[in-house]
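Reading through the structure tokens given below for one structure.
The values are calculated or read from the model by the stated rules, or taken from the named source; none is laboratory data. Just so we're clear, the structure is a prediction, and the values are computed from it rather than from any experiment. All Cβ positions, glycine included, derive from the backbone under ideal geometry; neighbour counts span all protein chains shown.
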Amino acid sequence: MERESLALVLVGHVDHGKSTLIGRLLCDTGSLPEGKMEEIEAAARAEGKEFEFGFILDHLHEERERGITIDTTQTFFTSPTRDYVIIDAPGHKEFIKNMITGASQAEAAVLICSVAEGVQEQTKRHAYLIELLGLEQVVVAYNKMDLVGFDRARFLDVKRDMGAFLDRIGVRPSIEVPISARDGDNVAERSEKMPWYDGPTVVDALDVFEKITPPREKPLRFPVQDVYEDPEEPDRRIVVGRVESGTLREGQRLRFLPDDEVRTVLSVRQYARGNLETAGPGECIGVVCDAGPPERGQVGCPADSQGQGGKANVTDRFRASVFWLSATPLEPGNADWPLTFKCATQARPCRAAAIRERVDSGTLEHLPPDAGRLEETEVGELVLETAGPVVLESFYDVQELGRFVLVRGRDVVAGGIVTHVRD
């Protein structure tokens, strides 16, 4: 029986111990390949450095850059309950890019905060991103308890500050754990240095999280990723993509939007499995249709369904909550199309038509919306326009078509969620 896996993102201030915690999780759960720990310790000695658990992540990153396969299953650590995939998101832009584009969707988050330094601006901004992306399963790990003598009063003070901020943005952590990632206290094993804490370890806390149920009951949404020649029948084309929600069936009639082309599915295929009768959320498949294939960026939905839950929304003007990441401010009202809107496999030139609301993501202060610009790390409620129709859903209805990024040139400058498919 295949083991269950859960995708996990670790976020927090850059110096609060994320790499050390990941290293500890890998080591203390026995998830490193045999001999790897000794190899990393020897490498640290050769460089004249004292070994730290953060070196484990650095070492694995170096191997990855050299093209060495560390773990072909992409399972970073394992507990007796399940496997865990860690989504590596070292900063705002990487987090936004990984999470919103759908390259790797987290089901839970660990927010790390040093009790020695307390809640910092970056801590707050990463917490805001957790709220923005709808992550409801959250562990707060209060790290570096060793630096404050494992003091319960200090833990409670920082926990109180964190709780006040999280409550304002609507994030309700499932469990809050005092830890020392450097020494392994309350990471995978209970600590004897904090007898006043009787809650779970970080690993125990993660093990009680639930696997997110795939959105099978939602309406079918099938964004087209590419089209290939059928090796068995060169005259036919295979439409490949991932089912984001609902169920796709052999013999089903699909309407591909925004071009509004209707096709019948002759066969559903999957690599190494052959033909399938049905495919559900998260499955990457190939589809052979009865006529010319749709192009990349088209989204398949049921052809015979009308109204809410059937045909997808097609629009070129919508409202969204946007986290701005660029040092160059966003200024609405441009006559040209300075940005590219990317959602699922869609890409369209885009511009901001209006700023309805501005919020400082660190202080939660509401800023004057009439300032005419959105500054770095501010969150704005925007009206966006695209140069041509796009297929969207409200993030609260179908998350898979409600997440997007904004790109300028080759840089991701913002990420956001669709709040209203019509302005």
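Residues that are surrounded by fewer than 17 Cβ atoms within 10 Å (Cβ to Cβ), in contact with a Gly (Cβ under 8 Å, 6 or more places away or on another chain) and of a type in the set (D, E, K, R) occur at least once in the range 322-334. Any idea which of (1) modelled with pLDDT of 90 or more; (2) among the basic types (Lys, Arg); (3) surrounded by fewer than 20 Cβ atoms within 10 Å (Cβ to Cβ) is the one Arg273 doesn't satisfy? The single condition Arg273 does not satisfy is (1). Name the residue, out of Glu192, Glu117, that is part of a loop (DSSP other than H, G, I, E, B) and touching a His at 6+ places or on another chain (Cβ under 8 Å). Of Glu192, Glu117, the one residue that is part of a loop (DSSP other than H, G, I, E, B) and touching a His at 6+ places or on another chain (Cβ under 8 Å) is Glu117.
Can you tell me which residues in the range 222-279 are acidic (Asp, Glu) and in contact with a helix residue (DSSP H, G or I) (Cβ under 8 Å, 6 or more places away or on another chain)?
Glu244
For the structure I just gave you, tell me whether Val262 is under 29 Å from the mean Cα position of the chain (by Cα) and among the hydrophobic types (A, V, I, L, M, F, W, C). Here the answer is no, as Val262 does not meet what is asked. Scanning the range 28-51 for residues that are closer than 21 Å to Thr201 by Cα and modelled with pLDDT under 85 yields Ser31, Leu32.
Condition check ((1) assigned by TED's automatic domain parsing to the domain that holds Phe256; (2) surrounded by fewer than 19 Cβ atoms within 10 Å (Cβ to Cβ); (3) touching a strand residue (DSSP E or B) at 6+ places or on another chain (Cβ under 9 Å); (4) of a type in the set (A, V, I, L, M, F, W, C)) across all residues:
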{"position": "Leu132", "(1), (2), (3), (4)": "no, no, yes, yes"}
{"position": "Val138", "(1), (2), (3), (4)": "no, no, yes, yes"}
{"position": "Tyr142", "(1), (2), (3), (4)": "no, no, yes, no"}
{"position": "Ala153", "(1), (2), (3), (4)": "no, yes, no, yes"}
{"position": "Asn186", "(1), (2), (3), (4)": "no, no, yes, no"}
{"position": "Thr201", "(1), (2), (3), (4)": "no, no, yes, no"}
{"position": "Asp226", "(1), (2), (3), (4)": "yes, yes, yes, no"}
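Checked against (1) touching an Asp or Glu at 6+ places or on another chain (Cβ under 9 Å); (2) in contact (Cβ under 8 Å) with a residue 60 or more places away in the chain, Met194 passes all but a single condition, namely (2).
Please verify whether the range 389-410 includes one or more residues that are under 14 Å from Ser321 (Cβ atoms), among the hydroxyl-bearing types (Ser, Thr, Tyr), touching a strand residue (DSSP E or B) at 6+ places or on another chain (Cβ under 7 Å) and assigned to a loop (DSSP other than H, G, I, E, B). Checking the range 389-410: at least one residue is under 14 Å from Ser321 (Cβ atoms), among the hydroxyl-bearing types (Ser, Thr, Tyr), touching a strand residue (DSSP E or B) at 6+ places or on another chain (Cβ under 7 Å) and assigned to a loop (DSSP other than H, G, I, E, B).
Checked against (1) without any contact (Cβ under 8 Å) to a residue 24 or more places away in the chain; (2) closer than 24 Å to Ala7 by Cβ; (3) touching a Gly at 6+ places or on another chain (Cβ under 9 Å), Asp204 meets all criteria but (3). Between Leu406, Leu382, Leu392, Leu330, the distinction of being closer than 18 Å to Gly134 by Cβ, at pLDDT 90 or above, in contact with a Leu (Cβ under 8 Å, 6 or more places away or on another chain) and not β-branched (Val, Ile, Thr) belongs to Leu392 only.
Here Ser19 qualifies as modelled with pLDDT of 60 or more and either within 24 Å of the chain's Cα centre (by Cα) or within 18 Å of Leu135 (Cβ to Cβ) (or both). For the criterion of being in contact with a Ser or Thr (Cβ under 8 Å, 6 or more places away or on another chain), in contact (Cβ under 8 Å) with a residue 60 or more places away in the chain and either of a type in the set (Lys, Arg) or not in a helix (DSSP H, G or I) (or both), Lys218 passes. What pairs come up if the first residue lies in the range 115-137 and is closer than 15 Å to Pro173 by Cβ, the second is acidic (Asp, Glu), and their beta carbons are under 6 Å apart, counting only those six or more places apart or on different chains? Short answer, once both residue conditions are applied: Val119/Asp161. Output yes when any residue across the range 347-370 is farther than 24 Å from Arg296 by Cα, free of Cβ contacts under 8 Å to residues at least 24 places away in the same chain, touching a Gly at 6+ places or on another chain (Cβ under 6 Å) and assigned to a strand (DSSP E or B), and no when none is. Within the range 347-370, one or more residues are farther than 24 Å from Arg296 by Cα, free of Cβ contacts under 8 Å to residues at least 24 places away in the same chain, touching a Gly at 6+ places or on another chain (Cβ under 6 Å) and assigned to a strand (DSSP E or B).
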